[in-house]
1. If a residue must be part of a strand (DSSP E or B) and among the charged types (D, E, K, R), how many such residues does the stretch 121-170 contain?
2. Among the candidates ASN81, ASN87, which residue alone is farther than 22 Å from ILE151 by Cβ, touching a residue at least 60 places away in the same chain (Cβ under 8 Å), in contact with a helix residue (DSSP H, G or I) (Cβ under 6 Å, 6 or more places away or on another chain) and not small (Gly, Ala, Ser)?
3. Cβ-Cβ below 8 Å, separation at least six or inter-chain, first residue in the stretch 380-400 and outside the structural domain of ARG318 (by TED's automatic domain parsing), second of a type in the set (S, T, N, Q): which pairs?
4. Checking the structure you have, find out if any residue of the stretch 302-321 is assigned to a helix (DSSP H, G or I) and hydroxyl-bearing (Ser, Thr, Tyr).
5. How about the stretch 29-94: which strands (runs of 3 or more DSSP E) wholly inside it have at least 2 residues that are in the same structural domain as LYS150 (by TED's automatic domain parsing), closer than 25 Å to GLN221 by Cβ and at pLDDT 80 or above?
6. Identify, by number, the condition in (1) surrounded by 14 or more Cβ atoms within 10 Å (Cβ to Cβ); (2) touching a residue at least 24 places away in the same chain (Cβ under 8 Å); (3) at negative phi that GLU72 doesn't meet.
7. Take THR555 and tell me if it is of a type in the set (Val, Ile, Thr), touching a residue at least 24 places away in the same chain (Cβ under 8 Å) and part of a strand (DSSP E or B).
8. Return the residues of the stretch 599-635 that are surrounded by fewer than 20 Cβ atoms within 10 Å (Cβ to Cβ) and under 15 Å from LEU662 (Cβ atoms); say none if nothing qualifies.
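The values are calculated or read from the model by the stated rules, or taken from the named source; none is laboratory data. What you are looking at is a predicted structure, and each value in this text was computed from that prediction instead of being measured. A quick note on method: Cβ atoms are made from the backbone with ideal geometry, for glycine too, and the neighbour counts reach across all protein chains shown.
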Amino acid sequence: MTFRIFILGLMFFAGAFQVSAQETEKVECFSYLLAENDVEIGEVINSGEFSSNECQNFNFGINSKTLWIKLELSDLSNFENPVFALNSSSADHVRLFSVKNGKVLKIHENGRLLGIEERDFPSQKIAFEFDQSEIDADYFIVRLDNVDKKIFYGFLSSRETLLDIITFEDLLFGLLTGVFLGLFFYNLFLYFSVKDKIYFVYVLHTLLVWFAQASILGYTQSLLWPEWDWMNQRSIVIFSSLVSIVGIWFLRIFLMSKSIVPKLDKGFLFVFIVYGFILANAFFFSTTISYQVILVTQSIVVIFVLLVAIMILRKGYRPARYYLLAWTIFMIGIFLFVFSEMGIIPSNNLTAYIMPLGSALEVILLSFALADRINILKKEKEKEQAERLEVLKENEMLVREQNTLLEKKVKLRTDELEHALRNLQNTQSQLVSQEKMASLGQLTAGIAHEINNPINFVSSNITPLKRDIKDIMEVIEFYRNTGNSEFTESSKKKAKDLEEELELDYVLDEVDQLLKGMEDGARRTVEIVKGLRIFSRVDEQDVKKVDIHDGINSTIILLNSQIPGKIRIVREFGELPMVECLAGKINQVFMNIINNAIHALSDHIDEIKDPHITIRTVANAEETVTVEIEDNGPGMPDNVKERIFEPFFTTKAVGKGTGLGLSIVYSIIENHKGTLEVKSKQGEGTTFIITLPVYQSTQKYEQ
């Protein structure tokens, strides 16, 4: 809406421009003299030091001297109620002297150090109205005193035409003020809505740009402080400096120069210092010096700002495009205005008003840039919301995993405590197990020792006893044969009755069976004692070279009473070297795994065809041996298989298992630098694979 209003105003301006250009006459040729401030009009009239401007020099610099202009206005009679006006309204004190026959006919005064009502032509424009007595003047002399730049460029017109121009300027300034006010309040509302500092800086910048343009056009004096000469003389340099300071502040925030081009951004700190000097000098010292410094500074700042904006744009920051366009239009307006006042390019109403128009376009484009920034923020917000929705969707998908993530976090925080607790439990269970096994080993060793002596006595006496029984049988047979031939019939009958009473034939067969049973029992007892003696080494702490097969066999012997008759034990032993290990610990491993296999088969013995446990041993090329204990039982599900080595984990009923067996087994194999794997599928049985190194602490080639 603001942009449309501005375009309509420009269309109106174009029409007004065509009318006013036909009714004015430029004053381009004159003579000039730069003199000290104390030179009077009489000296100037009689001076022959005037120089011609050659109809092209209109800029006489910034200095503390007085500029005298000699005009020959021969065309005054062409205008009804003729008026001479300067294009610029920023002159401190301008006096026009009409001279005839070397004498001053009349003096006109104007300038920003005079009140509006005190001026020869009461308006913000510096103009002089001639009366009839001055039309025949020989020439006119203008005295121009100004702390700012001394630019003399004017035109002749009728009073009515000048009033039309002033009315048009008032309308144009009103239009510009409306644009500035609209942008001011709109962005002020945005500032209070979004609380973004950039809008406050923009509002301040817009306000200061309006003050700067109003000062240049003379409206601050006519509208705000008509009698404040101090401010009227300094307002342009003060507001121009403040506009530059706030404009650079806006640039640094809007283009994020501190983060995108940090090295170039440091240059603005020096610029702030220079503008601070300009303001301080304007307030307390020489205003002329401030104007001189700001002229040079603005030229450097323009180039530096363009460089910074281009560098930021090249880095791909989109808002830099709007800023660069706005700044370029503003700079074009300034340069066209300055060039027209200096006479470098033709002057017309367009060039006269190009700087305020450029300023208006700048603030409009900067407002567009802020709006684009809002769009960018809106898109970023939408993108952020979309990302949040995506995250929410992902969270919905990850709800089931959230517990796991939380558990991981808890585990990370309590890992040391859990690890210590686990170690304590393992250590405690191992100590209990070791103590039990040590006691069991000592008890077993004692029992084996105590049984070994009498069983040795029994087993060693069986052979002589059999021999003696055989001898007795031979004697009894001799007596039988002799009795049949030598006994009387009565003696034979008595002997026969006695044999039948004693069931001698049965007794003889029974004695033979008893001897065989005693021999078999003694042999089995010897094997059991041997197994007990092997298994009793669980409390040993020294690594020894051991025959793994002996350990397996002794374990099976000890478990023989627990093995149901339907379960077969299949031994598939390969040739193994002697293995360095703690024999008792390894026997404990075999005992636990085989015992678990027996229980697994026993619980489902009626459901399994040919229940059996297969024990395989093989020597590997890597100087390791492998023992596989396989059963064709019910197997295990994956969730059980993953936890079987955890302490206190058991699938048995309460009171039938502690859940420590396989945990201890795993620790024993791990302490032997071996590995323990389990392969199991439900309905397909379970296989434990034990891999042990042949060598532990002793040297590989030790004899």
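1. Step one: filter the stretch 121-170 for residues part of a strand (DSSP E or B), giving 127-129, 139-145, 151, 154-158.
Filter again for among the charged types (D, E, K, R), leaving 129, 143, 145.
Going through the stretch 121-170 one residue at a time, the tally reaches 3.
2. ASN81
3. ASN395/GLN402
4. Start the filter on the stretch 302-321 by keeping residues that are assigned to a helix (DSSP H, G or I), which leaves 302-314, 319-321.
Right, trim to hydroxyl-bearing (Ser, Thr, Tyr) and you get none.
No, every residue in the stretch 302-321 fails to be assigned to a helix (DSSP H, G or I) and hydroxyl-bearing (Ser, Thr, Tyr).
5. By residue number, 66-71, 82-86.
6. (1)
7. It is false that THR555 is of a type in the set (Val, Ile, Thr), touching a residue at least 24 places away in the same chain (Cβ under 8 Å) and part of a strand (DSSP E or B).
8. Matches in the stretch 599-635: HIS599 only.
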